[in-house]
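Data block below; observations after.
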Amino acid sequence: MSTSQDNEVDIAIVGAGAVGLAAALALAKDGRRVAVLGPLAAPHDGRTVALLDGSWRLLAEFGLTDALTGKAAPLEVMRLVDDTGSLFRQPPVEFRASEAGLVAFGWNVGNAELVAALVSAAREHDGIRLVESLVSAITPDQGGVMLTGEGFSPLRARLVVGADGRQSRVRAAAGIAARDWRYPQVALTAILDHRRDHQETSTEFHTRKGPCTLVPLPGRRSSLVWMLDPAEAEAVAALDDAGFARRVETQTHSLLGAMSLAGPRGRVPMGGLSVERFAANRMALIGEAAHVFPPIGAQGLNLGLRDVMALREALLGSDDPGDDVVMAAYDRARQSDVRLRTSAVDALNRTLLTDLLPADLLRGAGLLALSRIGPLRRFVMRQGLAGGTAR
């Protein structure tokens, strides 16, 4: 027989992707009773995630890095190549982890493998309850929030965390306004075998259609994120596996030699999202419920994991995790970090999509400065990794 206590938790997390599961593990580790609601599967669509140093250390705190190490490749060098054909095109810029005093900027691993490891850890934690059902209604009151849906008894939490993506029900229930926009781009994803060694180097080609990025995986394998206009993306996606691999090889100037498909392919329309606030009415937003932008500079999932760390910090010492003071502290903590990174990625992506000379000149000057000025390059590396420190 269930009791009222069975249907009450300190924190309910809506959304069981990588960010939601990481939040559950972090908050349960701090002694909170946590429930995670949502399907526990990640699609095998060729997508990987580049976990930067702070994110990797957070996973180490959960005891997951040993299990993931054999499936992940270190990112020792990040190379930017201007492939726009601009008059102001600059030589490639390389960021080396050794310049930042690191063995690697981070590790690249398949999204499905990461989620599977997080699910396994969550199943083993006594403080986490997994509810593999969709939430249909979210109703806040003065002291908590009630969650209902098919397949589970109504669940009440003192704090609800929205990790439920771009169309977040939690965001809508909290009354948080969002600005949503689209780019004239589609990202194609895939896993590829290649003849040459990637040498632990991630290479991001900046083209007029958007970035085309090859990120290392173990062995002579790399993951692809290639942004194209919708019509060209449709045509490339329609190619058979051999034709697709040849097209990628051509696009990346045979950097890694002959290629072949080593896994499934995916296709993701590109867009952006920003929110007015990050918390309200006993509800806090993390991950893509709070921010969405194109996959440039390995910032997406890492920013979501920084949300987790900031929320964890805001909750320290609080008896009531949904208290207005806690919500305000979390909101303040995320405002500048999220807005700065969203604006920077949006601006870079938009400059790639235009052939206006001022935009090309500005981007070219920036790349030239990064290649020539060591202190500036190291500052940019620190900013790219900033905010990701686990306790």
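Brief remarks on what is shown
- Whichever residue in the stretch 307-332 is open to solvent by 10 Å² or more (accessible area, probe 1.4 Å), of a type in the set (D, E, K, R) and assigned to a helix (DSSP H, G or I) and, among such residues, is nearest to K29 (Cα to Cα): R312
- Consider the stretch 228-263 and keep the residues that are small (G, A, S) and part of a loop (DSSP other than H, G, I, E, B). The one that is most open to solvent (accessible area, probe 1.4 Å) is A238.
- Residue within the stretch 103-126 that is part of a loop (DSSP other than H, G, I, E, B), out of contact with any Asp or Glu (no Cβ under 8 Å at 6 or more places or on another chain) and open to solvent by less than 40 Å² (accessible area, probe 1.4 Å) present: no
- Only one of the listed residues (L340, L273, L303, L255) is aliphatic (A, V, I, L, M) and modelled with pLDDT of 95 or more. That residue is L255.
- Any chance T65 is of a type in the set (S, T, N, Q) and open to solvent by less than 40 Å² (accessible area, probe 1.4 Å): yes
- Odd one out for L155 among (1) open to solvent by 30 Å² or more (accessible area, probe 1.4 Å); (2) over 26 Å from the mean Cα position of the chain (by Cα); (3) not aromatic (F, W, Y): (1)
- The stretch 196-218, residues that are part of a loop (DSSP other than H, G, I, E, B) and either in contact with a strand residue (DSSP E or B) (Cβ under 8 Å, 6 or more places away or on another chain) or hydroxyl-bearing (S, T, Y) (or both): H198, Q199, E200, K209, P218
- If the condition is being assigned to a loop (DSSP other than H, G, I, E, B) and farther than 18 Å from A24 by Cβ, then the stretch 52-75 contributes G70, K71, A72.
- Meets criteria (within 19 Å of A12 (Cα to Cα) and either open to solvent by less than 10 Å² (accessible area, probe 1.4 Å) or modelled with pLDDT under 95 (or both)) for M283: yes
- Test result for L352, modelled with pLDDT under 95, crowded, with 18+ Cβ neighbours inside 10 Å and touching a helix residue (DSSP H, G or I) at 6+ places or on another chain (Cβ under 9 Å): yes
- The residues of the stretch 14-51 that are open to solvent by 10 Å² or more (accessible area, probe 1.4 Å), farther than 17 Å from L311 by Cα and either among the β-branched types (V, I, T) or in a strand (DSSP E or B) (or both), listed by number, are T48, V49, A50.
- Number of the condition not met by C212 [criteria: (1) open to solvent by 10 Å² or more (accessible area, probe 1.4 Å); (2) within 18 Å of R246 (Cα to Cα)]: (1)
- Candidates S260, S254, S274, filtered to the one that is within 20 Å of the chain's Cα centre (by Cα) and of a type in the set (S, T, Y): S274
- Within the stretch 158-190, restricting attention to residues that are among the basic types (K, R) and at pLDDT below 95, the residue that is surrounded by the most Cβ atoms within 10 Å (Cβ to Cβ) is R166.
The values are calculated or read from the model by the stated rules, or taken from the named source; none is laboratory data. Source: prediction; values computed, not measured. Here the Cβ is made from the backbone with ideal geometry for all residues, glycine too, and neighbour counts use every protein chain on show. Surface accessibility is based on the protein's heavy atoms, side chains included, excluding ligands, DNA and RNA. Shrake-Rupley method; radii C 1.70, N 1.55, O 1.52, S 1.80 Å.
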